[in-house]
Amino acid sequence: MNISELQKARYTYQPKLPAVLQKDVKNITVSLGDPTEAVADKEEVKSLFSHTYGQPIARFVEGSNEGASKKINVGVILSGGQAPGGHNVIAGLYDGIKKGNKESKLYGFKGGPAGIIEGNYVEFDDAFIDAYRNTGGFDIIGSGRTKLETEEQFKKSLAVCKKLDVSAVIVIGGDDSNTNAALLGEWFKAQGEAIQVIGCPKTIDGDLKNELIETSFGFDTATKTYSELIGNIEKDANSAKKYWHFIKLMGRSASHIALECALQTQPNFCIISEEVEEKKMTLNQVVDDLVKIIMKRAEKGDNFGVGLIPEGLIEFIPEMGALIGELNDLLAHEEEYYATLKTFEDQQEFINKKLSKDASYVYSSLPRDIQMQLIMDRDPHGNVQVSRIETEKLLMEMVGVRLDELKAKGEYKGSFSTQAHFFGYEGRCAFPSNFDSDYCYTLGFSAFLLITAGLTGYISNVADLDCPANDWKAGGCPLTMMMNMEQRHGAMKPVIKKALVELEGKPFKAFAEQRDVWAVDTCFTFPGAIQYYGPDEVCNMPAKTLTLEKGGCCGGKAKKGCCCC
């Protein structure tokens, strides 16, 4: 197999571990805290997870661990969309298992959760794992979006685990995947089975986090990759001085990616979906704000610029969110009949008859292409596939129409030429940054130690991620403490609560303090490519939002090279 020089170099990189995990695994034990409760809907969640609810937070400390040397077989699943660092989670898990007992085995279930249901697996060995260390992608075993939630699926998974003598299953995924992990772990417990289930927090969107999960893996690499691309476009825009670039970024349920990229690149505008929702802004108001920025720059002779748009913006605009909510419910309940409608005209007529008056008005007022995108095939959760909605083009079109109207009145004398971009897949499988390489390896290693502690229904976690890796604190927290009840497919179901951008949080405030200046002046910054070698402030610095949330990478004391000063 032909490989690049960088790939060869990354194979030899040894991820850094927290100090406590550097000890012999037989000398690492777990310290348990107080019982926990769900973040919301406590009684409903408790009733659904009666065997795993309320477990304590776990932290690894120095101490005797007799279970570490026990021979075990473990299965691992990559679930959902790719995120940089997934291979290192598996490598960390594998190394931990082998340090405990060289006879222990790690099986990879291929193609996502379907692998454990269908018994499609591979056994890892040293050569297999070594070919994927510190590399991007999920190609080591592939991923999938099959949901583990039915009795039949659980029974088939149990049969496969018994066949392989698997005593623990590791699910590497996002909020929905880890919710499924919690359901599987609860089901095993209810059946009297000793098979443990441990999750690992994955999503580039950054919305799987809370007081204990400081960030999901892949976010650091993806945002640095997107920021490099945005910086390149900013340099081009400032060189050509003739285009407005509207850049849509991944992040359906939250604007963490857009916010992080804005802090790294200082664009002329960055829409934060959570702010739009908080202020109850209409689509026209969003357009008006963009028009004002473009006109102010035109007055200075700057008929160019760069703006960032979160993928999920359209759902946060009140009238659009209400419309999408109605569409999701309507198409979930009328799925069978709707499938018989073969033309867009028939679908359009049916939808307008079934929607409320207000929602029908909003739907009818949208461009035909957007109408079609809103009723395309649903995602695996039964919702609108927001990534297919070309929000950037919708805004470009509406802004262009408004500027033409103003030009006709003599109120706007600039020019408005546009370019549209969507950065999504470019960041999902990038070579992981040093931060993600270290973080993911630690998550996998920690997952092994949670197994040795006899825990189930937990998610591997690491604290103090703004510090050097040696000072990180590893452990696990119960999946049920992150849950609430939400409507899915027309019914209330337990799910891990997504973390949105906090408008009172330090990252958003840091952005809000500067955006008016960035809007009018050209303040672009150019992060460049991810660096793997060099000074810490170049190759080992975590995301700006993380350092700001934790109080800044210099503890609030400005110093040269600090990312937050």
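Points to keep in mind about this one:
- Crossing angle, helix 344-354 versus the chain [Cα axis fit, 0-90 degrees, rounded to tens]: 90 degrees
- At 1.567 mPa s and 4 °C, Stokes diffusion of region 222-427 via Kirkwood alpha-carbon radius, µm² per second: 72 µm²/s
- Electrostatic dipole magnitude of region 222-427 [Cβ: Lys, Arg +1; Asp, Glu -1; Cα centre; debye, to 20]: 920 debye
- Nearest 10 degrees, 0 to 90: helix 219-240 Cα axis against the chain principal axis: 30 degrees
- Farthest positive-ward along region 222-427 dipole, Cα basis, beta-carbon charges - from 406, 384, 394: 406
- Take the Cβ atoms of residue 64 and residue 493, set R0 to 56 Å, and the FRET efficiency comes out at 0.85.
- Dipole axis of region 222-427 (+1 Lys, Arg; -1 Asp, Glu on Cβ), positive-most option in 372, 325, 295: 295
- Furthest towards positive pole of dipole, 77, 31, 355, structure part the chain, Cβ charges: 31
- The listed peptides 181-191, 428-438, 318-328, ordered by packing as a protection proxy, come out as 428-438, 181-191, 318-328 (highest mean of other Cβ atoms within 10 Å first).
- The Rg/Rh ratio of the chain, with Rg taken over Cα atoms and Rh as the Kirkwood radius over Cα pairs, comes to 0.99.
- Placing pseudo-labels 7 Å out from each Cα toward the beta carbon at residue 329 and residue 372 gives an inter-label distance of 2.9 nm.
- When peptides 76-87, 342-353 are ranked by their average number of other Cβ atoms within 10 Å per residue, the highest-first order is 76-87, 342-353.
- Net charge dipole, region 496-549: roughly 260 debye, given to the nearest 20, about the Cα centre with Cβ charges of +1 for Lys and Arg and -1 for Asp and Glu.
- Each of the peptides 162-174, 364-376, 441-453 was scored by the mean count of other Cβ atoms within 10 Å over its residues; in descending order, highest first, they stand as 441-453, 162-174, 364-376.
- Among the listed pairs 224/506; 473/550; 156/498, those beyond 22 Å (Cα-Cα): 156/498
- Nearest 10 degrees, 0 to 90: helix 318-333 Cα axis against the chain principal axis: 50 degrees
- Here the gap between residue 539 and residue 31, fully extended at 0.36 nm per residue and compared with their Cα-Cα distance, gives a gain of 179.6 nm.
- Region 58-102 residues near the modelled residue 191 label - backbone nitrogen below 18 Å, point 7 Å along Cα→Cβ: 73-77
- The distance between label points at residue 101 and residue 155 comes to 3.1 nm (points 7 Å beyond Cα on the Cα→Cβ vector).
- Computed FRET value (nearest 0.05) for residue 299 with residue 404, which takes r as the C-beta separation and R₀ as 22 Å: 0.80
- Beta bridges by DSSP in the chain, antiparallel share as percent, to the nearest 5: 40 percent
- Once the Cα-Cα distance is subtracted from the 0.36 nm per residue extended length, the residue 24 to residue 484 segment shows a gain of 161.8 nm.
- Estimated inter-spin distance, residue 464 and residue 4, nm [label 7 Å along Cα→Cβ]: 3.5 nm
- Gain upon complete extension [residue 361, residue 343; 0.36 nm per residue less C-alpha separation]: 4.4 nm
- Based on DSSP H segments of at least four residues, each scored -39500 (n - 2.57), the chain has a per-residue ellipticity at 222 nm of -12500 deg cm²/dmol.
We did not get these values from a lab; they are worked out from the coordinates using the rules stated. Keep in mind that what you see is a predicted model, and the values were worked out from it rather than measured. For neighbour counting, all protein chains shown are included, and Cβ atoms are generated from backbone atoms with ideal geometry for every residue, glycine included.
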